[in-house]
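Encoded as structure tokens, the structure appears first; notes follow it.
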Amino acid sequence: MIATATTGVNAAPARVPKARKTLLGHVPIESPLYQFHPVTRLIMFIFFGVIPLFIYLPEVNFLLLWVNMGIMRWGRVNINELRKYMPVIFTVAFFMFIVVVLAPGEDPSYTPLDVGPITIYYQPVFFAFAAYWRLIAMLFGTILYFSTNRERDMLVAMRSLRLPFIASYVVGLSIRSAGMFLEDFRTIREAEQARGLDTKAMRLRDQVKLYMMYLVPLFSIALRRADEISNALFARGYTLTGRVGGGGKRADYIRAQYKLRTRDWVLIVSMGLIFVATAIVQMRFGVFSIEYSPLNIYLKQLLGIPG
């Protein structure tokens with residue numbers, strides 16, 4: 001009795017998981033964003049992914065980035081997971097600014113600036129700076145979507161929008177294939193490490209050759225899996241038209257479980273109006289052009305650049 005009571009007191013409480021693993025990362029098990037229909041979340045993804053194309057002001061794109069971060073925090077996304085995207089963010093910045101420094105182009109209106117032994121030109125550098133924040137804003141819009149949606153949510157959204165079956169099938173299979181490709185790559189790497197391969201001790205040239213060698217098993221696995229998926233779809237009676245063998249329409253059980261509510265329509269209409277207004281204002285009046293950037297105006301005044 002004493003041993004039993006002691007064991008009960010000292011037993012550690014069971015850890016409740018807060019996230020669910022998907023093929024493309026982790027999504028929270030519970031999130032306020034799940035109150036919205038998958039169509040609403042898909043339109044939100046398109047909104048945050050496309051609207052930076054009409055905005056050249058780095059200040060506004062930087063603000064959009066923080067809006068995405070705020071939505072992720074509100075949606076209970078583990079912000080620490082975003083660290084895995086840091087190599088991509090810094091690599092993109094490095095290559096973009098290397099290009100404008102080494103190949104700025106020839107234009108007599110460019111203003112040269114001497115930075116130590118290197119001469120750079122203000123106009124292409126600031127343009128690259130603005131383009132970089134546009135790209136990062138679009139990237140975080142994508143991260144927001146795939147951090148709060150499973151593959152099933154995207155399929156439900158596409159079916160709810162009445163997209164042809166072949167379109168939803170190709171998109172869904174592509175997303176799942178990308179996740180499975182990463183899983184296969186990780187499995188191959190772990191198998192090599194288990195056999196004693198130390199990639200850190202290899203030279204860069206050897207590491208490049210090793211990555212090229214990965215293509216052989218990865219493509220063979222992909223071909224075998226494509227054949228398995230094709231056989232599985234055929235065994236379940238699926239066709240490219242999405243209809244059953246007799247020509248009738250196939251019942252869509254998953255789509256029937258979701259309904260668009262008032263809050264979904266309010267958010268969809270709001271995003272649509274903001275998107276249309278932003279596009280019209282930019283294309284007709286150029287309000288979001290680089291010339292109107294407060295940072296650009298301040299730097300030109302500080303450096304004494306006309307215009």
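The values are calculated or read from the model by the stated rules, or taken from the named source; none is laboratory data. For clarity, every value in this text was computed on a predicted model and none was experimentally measured. Positions of Cβ are generated from backbone atoms using ideal geometry, with glycine treated the same way; all protein chains shown enter the neighbour counts.
The table below gives the values:
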item	result
Matching residues, region 26-80, being surrounded by 20 or more Cβ atoms within 10 Å (Cβ to Cβ) and among the acidic types (Asp, Glu)	none
Selection count, region 146-171, where residues are closer than 25 Å to Arg76 by Cβ, in a helix (DSSP H, G or I) and touching a Leu at 6+ places or on another chain (Cβ under 6 Å)	2
The one condition in (1) part of a helix (DSSP H, G or I); (2) loosely packed, with under 11 Cβ neighbours inside 10 Å that Phe126 fails to fulfil	(2)
Cross-chain or 6+ apart pairs with Cβ under 6 Å, region 262-276 first and in a helix (DSSP H, G or I), then of a type in the set (Val, Ile, Thr)	Asp264/Thr40; Leu267/Thr40; Ile268/Thr40; Ile268/Ile43; Phe275/Ile51
From the options Leu135, Leu163, Leu173, Leu155, residue that is of a type in the set (A, V, I, L, M) and within 20 Å of Ile51 (Cα to Cα)	Leu135
Test: residue in region 77-99 that is assigned to a loop (DSSP other than H, G, I, E, B) and either outside the structural domain of Ser289 (by TED's automatic domain parsing) or within 16 Å of the chain's Cα centre (by Cα) (or both)	yes
Any chance Met180 is out of contact with any Pro (no Cβ under 9 Å at 6 or more places or on another chain), hydrophobic (A, V, I, L, M, F, W, C) and either in a helix (DSSP H, G or I) or modelled with pLDDT under 80 (or both)	yes
Qualifying residue in region 150-164 (condition: buried (at least 17 other Cβ atoms within 10 Å of the Cβ) and farther than 12 Å from Leu42 by Cα)	no
Which numbered condition Arg134 misses (of (1) under 16 Å from the mean Cα position of the chain (by Cα); (2) outside the structural domain of Glu59 (by TED's automatic domain parsing); (3) among the charged types (D, E, K, R))	(2)
Checking Ser160 against (1) under 18 Å from Ser220 (Cβ atoms); (2) at pLDDT 80 or above, the condition it does not meet	(1)
Leading residue by the ranking (surrounded by the fewest Cβ atoms within 10 Å (Cβ to Cβ)) among those in region 174-199 that are without any contact (Cβ under 8 Å) to a residue 40 or more places away in the chain and hydroxyl-bearing (Ser, Thr, Tyr)	Ser174
Odd one out for Gly105 among (1) assigned to a helix (DSSP H, G or I); (2) out of contact with any His (no Cβ under 9 Å at 6 or more places or on another chain)	(1)
Top-ranked residue in region 245-282 [being modelled with pLDDT of 75 or more and loosely packed, with under 10 Cβ neighbours inside 10 Å; ranked as farthest from Ile55 (Cα to Cα)]	Gln257
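Table: residues versus (1) in contact with a Leu (Cβ under 9 Å, 6 or more places away or on another chain); (2) over 21 Å from Ile290 (Cβ atoms).
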position: Gly70; (1), (2): no, yes
position: Arg73; (1), (2): no, yes
position: Met96; (1), (2): yes, no
position: Leu102; (1), (2): no, yes
position: Ala128; (1), (2): no, no
